[in-house]
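First up is the structure itself, then whatever we jot down about it.
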Amino acid sequence: MSDSNSSNKRASNDSEEPTCQKKARTFSDDGAPVESEPVTILAGESEDKFFVHAHLLELSSGFFQKALNKEWKEGQERVVRLPNVDVDVFRIYAKWLYTGRFHCLDGSTDVKLLACDELGNFLHAPDFLDAFVDVILEQTAQLGTPTFLSSSIYPRSVKDSLHRKLCRDLVVYRWGYRNFDTLRSHAIPREFLEDVLLDMKRNFDQGVTRLSFSRFIKDKDACYYHEHTRLNTPCYKTKYGI
């Protein structure tokens, strides 16, 4: 009797779906395309070599779409030189192209992260910039609210940019009075300060106060601060299956 019961249990368990969060299989068309010919990228004054599939570069970057056109020298030679790009920062971008993640946990500084924002704008790579915003939110949860964002994001973004909104919200909802002392030591855009004051006035009128990070992020969609929602394009996480 017991053997029969255990046999039935095993049969039942075998028919159940796996409980792992991520499936080990996906469709053959999913993921990064690797059929195109690799392009050689020479980054920095040292011209460190990176070999990246052309299709990935063209899909992610308006800059590379033009640079790899057959009418241009770079497109014919399959070599692109980026002498003014930091080697470590381009490595973060190149690895992100294949994984959808920033490989920057081993000592990357705020300066390196800001350089990622600068690189994303230079390359016209909107998905990479949305991923940068996710890194900033993750860092904020672990290390506190950064003070450097607006000096990088505001000069390179449009007025209704959701990345700008993140800059403001982190100040309006997360800063305590001591944080404001740091404004004296940073090149803060005037437009950012004006926008913050307007947002703070609205919050005061509504009785909204400073929030913990968990309350700040609660009920916000994962793409809340992503530019692709404003542009009505798919999220990079969907493309990478994250």
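The values are calculated or read from the model by the stated rules, or taken from the named source; none is laboratory data. Predicted model only: the values in this text are computed from it and were never measured. Cβ: placed from backbone, ideal geometry, glycine included. Neighbour counts: every protein chain shown.
Could you list, in sequence order, all residues of segment 27-50 that are surrounded by fewer than 10 Cβ atoms within 10 Å (Cβ to Cβ) and at pLDDT 95 or above? The one that is surrounded by fewer than 10 Cβ atoms within 10 Å (Cβ to Cβ) and at pLDDT 95 or above: S46.
A quick yes/no check of all residues on (1) in contact with a Ser or Thr (Cβ under 6 Å, 6 or more places away or on another chain); (2) in contact (Cβ under 8 Å) with a residue 60 or more places away in the chain; (3) buried (at least 16 other Cβ atoms within 10 Å of the Cβ):
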| position | (1), (2), (3) |
| --- | --- |
| R164 | yes, no, yes |
| Q206 | no, no, no |
| R215 | no, no, no |
| Y225 | no, yes, yes |
| K237 | no, yes, yes |
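One residue alone among L57, L97, L105, L119 is over 15 Å from S36 (Cβ atoms) and assigned to a helix (DSSP H, G or I), and that residue is L119. Condition check for I242 on (1) surrounded by 12 or more Cβ atoms within 10 Å (Cβ to Cβ); (2) assigned to a helix (DSSP H, G or I): one failure, at (2). Considering V89, V80, the condition of being farther than 16 Å from Y236 by Cα and touching a residue at least 40 places away in the same chain (Cβ under 8 Å) is satisfied by V80 alone. Among residues that are of a type in the set (S, T, N, Q) and either farther than 30 Å from L105 by Cβ or modelled with pLDDT under 70 (or both), N84 is not included.
I want to confirm something. Restricting to segment 124-144 and keeping residues that are surrounded by fewer than 18 Cβ atoms within 10 Å (Cβ to Cβ) and without any contact (Cβ under 8 Å) to a residue 60 or more places away in the chain, which single residue is nearest to R101 (Cα to Cα)? Result: E138.
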